[in-house]
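So the structure is just underneath, and the comments pick up after that.
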Amino acid sequence: MSVNEHATKEQVNRLVNTALAAIKNKDKTPNWNQTLTQTLDQLSLIGRNLNTAKHGVQHFGRVMASDTNRHNTYRANQSVNSKLETLSSLESFLAKEWKKIGDALNADLRKIPTEGKNEMELLDMLAGEIESFDKLLRQNVSKVSKHNSNPHQTMIIQREITQLNAMPALTAPSMLVLISIGIRLFAMFVGAKKVSSNK
């Protein structure tokens, strides 16, 4: 089985770049994991083809080694060794490139949610967290307590929620929503100021 070294490296590079782009832009691309899976399948196929080619060359080498003509055997050995070296080099290249995908996935898993966000996006995230907590407060004490493993903090949260529930309407829980709206308005102000300063 013949393997073109340059073409194989080009194909591997293209596939790895596709996978890295899918990981990098996963927030903007809904089917990024499908792209990643297809790319990994194609890389696996290249790996299997290299392995098959290696076994084919080794088999050919064994057949030629049994040839009685010394001159033919010597030339065949040289050819076999050269092809095996090329295939081993391609396998090493594939493993090194594949590692880039693994590293990118690990880095993405360790990435904190705020990484790469601008001021407006961070403020919007904060507002969203406050709204989520407001919804949690409105549900009931036990659901909030489940989110906290510290018994002392759980007791404080339960006491605070009981106080909040005892207050008249339009007090603390709805204040959280007002705070989140205020943060979003501030984010709009920050964004508008940035746009005007860039002009």
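The values are calculated or read from the model by the stated rules, or taken from the named source; none is laboratory data. Since the structure is predicted, the reported quantities are computational estimates derived from the model, not experimental observations. When we count neighbours, we look across all protein chains shown, and the Cβ atoms used for this are built from the backbone with ideal geometry, even at glycine. Surface accessibility is based on the protein's heavy atoms, side chains included, excluding ligands, DNA and RNA. Shrake-Rupley method; radii C 1.70, N 1.55, O 1.52, S 1.80 Å.
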Practice problem: Identify the trypsin sites (Lys or Arg not before Pro) of region 1-68 meeting these criteria: DSSP loop state and at most 13 other C-beta atoms within 10 Å of the C-beta. | Solution: K28
Quiz item: In square angstrom, rounded to the nearest 10, how much accessible surface does S82 have for a 1.4 Å probe?
Solution: 70
